[in-house]
1. Tell me which residues, restricted to the range 103-124, are part of a loop (DSSP other than H, G, I, E, B) and in contact with a Gly (Cβ under 6 Å, 6 or more places away or on another chain).
2. Residues that are modelled with pLDDT of 90 or more and under 22 Å from S122 (Cα atoms): does the range 40-55 have at least one?
3. Just one of the numbered conditions (1) in contact (Cβ under 8 Å) with a residue 12 or more places away in the chain; (2) out of contact with any Lys or Arg (no Cβ under 8 Å at 6 or more places or on another chain); (3) basic (K, R) is not true of R68; which one?
4. Counting just the residues of the range 69-85 that are in contact with a Leu (Cβ under 9 Å, 6 or more places away or on another chain) and crowded, with 19+ Cβ neighbours inside 10 Å, which one comes out nearest to T134 (Cα to Cα)?
5. Quickly run through the range 78-102 and pick out the residues that are of a type in the set (G, A, S) and outside any strand (DSSP E or B).
6. Working only within the range 118-143, note down all residues that are without any contact (Cβ under 8 Å) to a residue 40 or more places away in the chain and buried (at least 17 other Cβ atoms within 10 Å of the Cβ).
7. Quick one: in the range 125-181, of everything that is basic (K, R) and not in a helix (DSSP H, G or I), which residue is modelled with the lowest pLDDT?
8. When you check V149 against the structure, is it touching a residue at least 12 places away in the same chain (Cβ under 8 Å), touching a helix residue (DSSP H, G or I) at 6+ places or on another chain (Cβ under 8 Å) and among the β-branched types (V, I, T), yes or no?
Amino acid sequence: MRAGGGVWHSGGPVGVARIKGYQLWLALPPEEENGDSEARYVDASRFRKNGPARVILGRYGDVVSEVRAQGSVNYLDVALKKGEKWRYEPPSGHTVAWVAVHEGELAAPAIGPGELAVFEESNAAIKFEATENTGFIIGSAVRHPWNLVLGTYSVHTSRHALEKGEARIAEIGKRYPFVSR
């Protein structure tokens, strides 16, 4: 599975509208996992939709994200109205899938706000139904060949790579003591 973990974040500067985001951890191949980090901030208006799904990473139907991602992974932000149904057809080879609800609630599968569900390995379509106006993210990916080692701040393919990565995070933290972790 390419996803190693994730966490919801919300906030913003005082006096400014709050934002909500989901930090997704993706496992990289061993030769890339401790390379230089890259940050890109993309305005929400730049993400195109296919039906109720905004394509954040990967491809869905004829919509392709402009955000570069390692490997074959889809990451969609879906908005359904109360009672609306939607069917996600994973691309060929995507046997790993997960969903996290950030607003509302799903009846099928039964998932509430703030919950994360990981599906059984399969390439089968996943059917969703909203019990109220609902927003959720869904990801799917090609399963990678490495076991995952989870750390406090990252996910890696070996204990050695995790130790190296967390040592680098600690080093960066010393340079920026005003940033809380």
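1. E105
2. Yes, the range 40-55 contains at least one residue that is modelled with pLDDT of 90 or more and under 22 Å from S122 (Cα atoms).
3. Result: R68 fails condition (1) only.
4. Among residues in the range 69-85 that are in contact with a Leu (Cβ under 9 Å, 6 or more places away or on another chain) and crowded, with 19+ Cβ neighbours inside 10 Å, the one nearest to T134 (Cα to Cα) is L80.
5. Correct list: G83, S92, G93.
6. I126
7. The extreme case among them is R181.
8. yes
The values are calculated or read from the model by the stated rules, or taken from the named source; none is laboratory data. Note that the structure is predicted; figures quoted are calculated from it, not measured. Virtual Cβ from ideal backbone geometry, glycine too; neighbours counted across all protein chains shown.
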